[in-house]
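Participant: Dropping the structure in here first, questions after.
The values are calculated or read from the model by the stated rules, or taken from the named source; none is laboratory data. Bear in mind the structure is a predicted one, so any value in this text is a computation, not a measurement. Here the Cβ positions follow ideal geometry from the backbone for every residue, glycine too, while neighbour counts run over all protein chains shown.
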Amino acid sequence: MNWPEEIVKLVIVKQALAEVDSASLFPFYLPGVAAGESSISAVEKNFEKALDSKYAGFLRYANGWRGFFQTVDLFGTDDLLGSEKMLAAQEMLTYIDDSVIFSAGFSRRELLPIAASASDKDLFVIAKPDSASPGEVLWLAGDLVDRFEDFDEFFLSMVDYNRADVDFLRENSQT
């Protein structure tokens, strides 16, 4: 994945969203500054496991992103090390019914929160390296909303979801 190019694409989409979001429904932030290798190593040491390589690759270019999708924050290394956002996301994961997680093919311990909304029930988790489907990303909001083969597909899909928000707001501002 060419992260600089893909990140710029999302910045452009987010700028378009900010322009049509006259009611300020969604926050607008630029991505975090790239994580250094020491930050990524600290996370891996903390979890006693390597981070998913595709997620770690993203973090090397953007260390998290507030307002990544609507009110969802994509976590950076500081969050992964135990920020309030991460603690809240881990608690959110405990509220997801076991049957939802099991039907997705995982146990709760196989999932790591990587993004969450503080104002809604959207939670994104990535399957840990020792799971049945390492690197798979699940979008949970009480139930399974969507699933992505890996972090790259997740990111590209979120670009599309942001574009859909731009289109929706454009259509509804003209009526």
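Participant: Just to be sure, is Lys128 of a type in the set (Lys, Arg), surrounded by 14 or more Cβ atoms within 10 Å (Cβ to Cβ) and closer than 28 Å to Asp21 by Cα?
Facilitator: no
Participant: Another question about this same structure. Here are some residues: Asp150, Asp165. Which one is touching a residue at least 12 places away in the same chain (Cβ under 8 Å), touching a Leu at 6+ places or on another chain (Cβ under 7 Å) and buried (at least 19 other Cβ atoms within 10 Å of the Cβ)?
Facilitator: Within the list Asp150, Asp165, the selection yields Asp165.
Participant: While we're here: Say whether the condition of being closer than 23 Å to Ala23 by Cβ and in contact (Cβ under 8 Å) with a residue 12 or more places away in the chain is met by at least one residue in the range 89-100.
Facilitator: No, the range 89-100 has no match at all.
Participant: Which residues, taken from the range 90-138, are farther than 17 Å from Glu48 by Cα, out of contact with any helix residue (DSSP H, G or I) (no Cβ under 6 Å at 6 or more places or on another chain) and part of a helix (DSSP H, G or I)?
Facilitator: Within the range 90-138, Gln90, Glu91, Met92, Leu93, Thr94, Tyr95, Asp98, Ser99, Val100, Phe102, Ser103 meet the criteria.
Participant: Which ones in the range 139-160 are in a strand (DSSP E or B) and not β-branched (Val, Ile, Thr)?
Facilitator: Correct list: Trp139, Leu140, Leu144, Asp146, Arg147, Phe148.
Participant: Shifting gears a bit: Residues that are polar (S, T, N, Q) and surrounded by 16 or more Cβ atoms within 10 Å (Cβ to Cβ): list the helices (runs of 4 or more DSSP H) wholly contained in the range 1-89 that include at least 1 such residues.
Facilitator: Once the helices (runs of 4 or more DSSP H) in the range 1-89 are filtered for at least 1 residues that are polar (S, T, N, Q) and surrounded by 16 or more Cβ atoms within 10 Å (Cβ to Cβ), what remains is 37-47, 77-80.
Participant: List pairs: first in the range 1-24 and closer than 15 Å to Arg66 by Cα, second among the aliphatic types (A, V, I, L, M) and part of a helix (DSSP H, G or I), Cβ under 8 Å, 6+ apart or cross-chain?
Facilitator: Leu10/Met158; Leu10/Val159; Val13/Val159; Val13/Val166; Leu17/Val166; Leu17/Leu169
Participant: Could I ask something else about it? Need the failing condition index for Asn2 against (1) at pLDDT 95 or above; (2) over 18 Å from Ile114 (Cα atoms); (3) of a type in the set (S, T, N, Q); (4) touching a helix residue (DSSP H, G or I) at 6+ places or on another chain (Cβ under 9 Å), just the number.
Facilitator: (4)
Participant: If you scan the range 9-36, which residues turn out to be farther than 16 Å from Val166 by Cβ and of a type in the set (A, V, I, L, M)?
Facilitator: Result: Leu30, Val33, Ala34, Ala35.
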